[in-house]
Amino acid sequence: MFDLLVLGGGPAGYLAAERAGHAGLSVCCFEMRELGGVCLNEGCVPSKSLLNSAKIYEHALQGEPFGVLAKGIALDHTLVQKRRAKVVQTLVAGVRAKMRANGVTIVREQAVIDGFVPGGVSIRAGDSVYEGKRLLIATGSSPAIPPIPGLAEGLETGFVLTNREVLTLPEVPERLAIIGGGVIGLEMAAYYRAAGSHVSVVEMLDHIAGPTDRELSDLLLSEYKAKGVEFYLGAKVTAIEDGAVRFERAGSAALIGADKALLSIGRRANVHGIGLETIGVELIAAGIPTDAQCRTNVPNVYAAGDVNGQSMLAHTAYREAEVAVNTMLGKKDRMRYHAIPSVIYTSPEVAGVGHTGESAAAEGVAFESRKLSLRYAGRFVAENEGDGLCKVLIDAAHRNIIGVHIIGPYASEMIWGAAQLIETELRVADARELVFPHPTVSEIIREVLFEFDD
Ligand SMILES: Cc1cc2nc3c(=O)[nH]c(=O)nc-3n(C[C@H](O)[C@H](O)[C@H](O)COP(=O)(O)OP(=O)(O)OC[C@H]3O[C@@H](n4cnc5c(N)ncnc54)[C@H](O)[C@@H]3O)c2cc1C
């Protein structure tokens, strides 16, 4: 009997397996596709590889003001895809090697929870049954497929793509319709627009980028429009036909023609067909409910990553995996969800952590906010022609930092520092005493702190 069975080899599953193995537990991890899960194979990593190619290409195109006069600049999609495949392969191999180095048994099969056995649970995979004292469910998530007429047929014919297919398309579609203007849709819009597609985004809300600070999402919208991406906001897709997406907006029906359509309206926890009912794991609409230690309602059964529906980000999955394993090992640990950063890796990047003005108002938190153009940061001016924005929110009573939102270069690399300010509940007066390296774009956070009254 293993000390721990891990169902799923994505960020939550592989990290939990690695950490538990490192701590001396005997671990068996089941993965039916590829180790690394959605993140490494069809999510975070391949998308960032494509986006970086788009960024380098755009920088080259815009080199003149910087004295860089390049000729014959082109984005070669075939080479971009070749590099994407190599990056994924390298990282997946790294995950496999680390798991093996920590003594994890890897079973490359679809696995199903079979029920309780004396002292633990059992899992059936292929022709074998495995027993474990503890179980971590880390089956991740899949694209949400709404009941839109023609959608199922579109997925079958290949006209409609999900994240899996769009990241590996061998050719750039002439016209790409994107259903859903959230992070995944926007990142793919950025890449395929740079690669030459005519891109249209159909979004049900009246704004893009979901829960992103509204002022930043409006700025991002302007940037995308300037790049030639077309937006249909407040638009509900009503049908999909071969070569067209039909939608309704402000009471009128409309249609856009496309060579491919990307479905990116959200993701659903993978909770069906994995035998949860055999051991009585509770289920709610978002996924498997868990407490701050990632425990489910069943003793010794944990759930981490997208499957618990809490945040659906790879770095949340990593932390949840650590919290679950620490709890198994009897170490005190807990999840804190209020300072988890989120990033949109487009050009410009958008990164935020903590409350937005909208979320603070909705929760009745009294706050103050201040903002500055990134042009107040010397390095930004030295390296960029355009503009960006940094906004900071503080709790009006306690004067600690509760939100930081940035649109501009390096936002993704700066935001972890902002998360520390929130996580440690630093007050403005104390945060002002921190020294930031100069010249960096990150100094803008410090500048904004000085915009608040003492
Ligand atoms: C296009 C895209 C871009 C993204 N970009 C980012 C980003 O930049 N940053 C970020 O933080 N997040 C990003 N995400 C989200 C991120 O990928 C997920 O949050 C993360 O992968 C969740 O990890 P997980 O371990 O919970 O699940 P997953 O990565 O989904 O892994 C679950 C694994 O379990 C396996 N599995 C499921 N059921 C079984 C079974 N019955 N038997 C055996 N194996 C099974 C699956 O095959 C899968 O490999 C992105 C997602 C997408 C789709």
So if I take the alpha carbon set of region 83-135, get Rg, then get Rh from the Kirkwood formula, what is the Rg over Rh ratio?
1.14
Cβ neighbours within 10 Å, averaged per peptide: list 343-351, 1-9 in order, most packed at the top.
1-9, 343-351
Per principal axis, descending, Cα span of region 312-355 in whole Å:
43, 19, 12
So if I restrict to the alpha-carbon atoms in region 103-195, what is the Rg, and what is Dmax, the biggest pairwise distance, in Å?
19.8, 59
Would you please put 374-381, 405-412 in order of how densely packed they are, using the mean number of other Cβ atoms within 10 angstrom per residue and starting with the highest?
405-412, 374-381
Skip the ligands, DNA and RNA, and give the accessible area per residue of the chain with a 1.4 Å probe, whole Å².
46
Taking every DSSP beta bridge with both residues inside region 104-255, roughly what % is antiparallel (nearest 5)?
70
Full-stretch length increase - residue 359, residue 129 - with 0.36 nm per residue and alpha-carbon distance subtracted:
78.1 nm
Using a 7 Å offset from the Cα along the Cα-to-Cβ direction at both residue 74 and residue 152, what is the distance between the two label points in nm, to one decimal?
4.3
Inter-label distance, nm, simple model (7 Å from Cα along the C-beta direction), residue 387/residue 33:
4.1
Take the Cα atoms of the chain, find their three principal axes, and give me the spread along each one in whole Å, biggest first.
69, 59, 46
Rounded to the nearest Å, what's the spacing between the alpha carbon centres of region 313-335 and region 103-171? Just the number, please.
22
Amide H of residue 267 versus every other amide H placed in the peptide plane: which residues, excluding those fewer than 5 positions away on the same chain, fall under 5 Å?
144
Taking H as built 1.01 Å from N, whose amide H comes closer than 5 Å to the amide H of residue 209, not counting residues under 5 places away?
182
If I model region 231-288 as equal point scatterers sitting on the Cα atoms and use the Debye formula, what is log10 I(q)/I(0) at q = 0.25, 0.29, 0.30 Å⁻¹?
-1.00, -1.22, -1.27
Convex hull volume per residue in cubic angstrom - Cα atoms of region 167-240:
84
Convex hull (Cα only) mean projected area of region 1-112, reported in nm² to one decimal:
8.9
Counting only protein heavy atoms and a 1.4 Å probe, tell me what percentage of the chain's accessible area is made up of carbon and sulfur.
52
Output the peptides 295-306, 226-237 sorted from most to least packed, where packing is the average of other Cβ atoms within 10 Å over each peptide's residues.
295-306, 226-237
Residues whose placed amide H lies under 5 Å from that of residue 367, excluding near-sequence neighbours
396
Give the shape of region 319-421 as rounded, prolate or oblate, defined through the alpha-carbon gyration tensor: a ≥ b ≥ c are the square roots of its eigenvalues, a/c under 1.5 means rounded, and otherwise the shape is prolate if a/b is larger than b/c and oblate if not.
oblate
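I want the antiparallel fraction of DSSP beta bridges within the chain, as a percent rounded to 5. Kindly include the intermediate steps, with their values, before the conclusion.
On the way: 50 of 79 bridges.
If we restrict to bridges inside the chain, about 65 percent are antiparallel.
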With θ set to phi - 60°, apply the Karplus curve 6.51 cos²θ - 1.76 cosθ + 1.60 along region 45-52 and write out the HN-Hα couplings as whole Hz, x wherever there is a Gly or Pro.
6, x, 5, 5, 5, 4, 5, 5
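The values are calculated or read from the model by the stated rules, or taken from the named source; none is laboratory data. Because the structure is a prediction, the values reported are computed rather than measured. Because the Cβ atoms are built from the backbone with ideal geometry, glycine has one as well, and the counts that use them run over all protein chains shown. Protein only, heavy atoms only, side chains kept; ligands, DNA and RNA dropped before computing areas. Shrake-Rupley method; radii C 1.70, N 1.55, O 1.52, S 1.80 Å.
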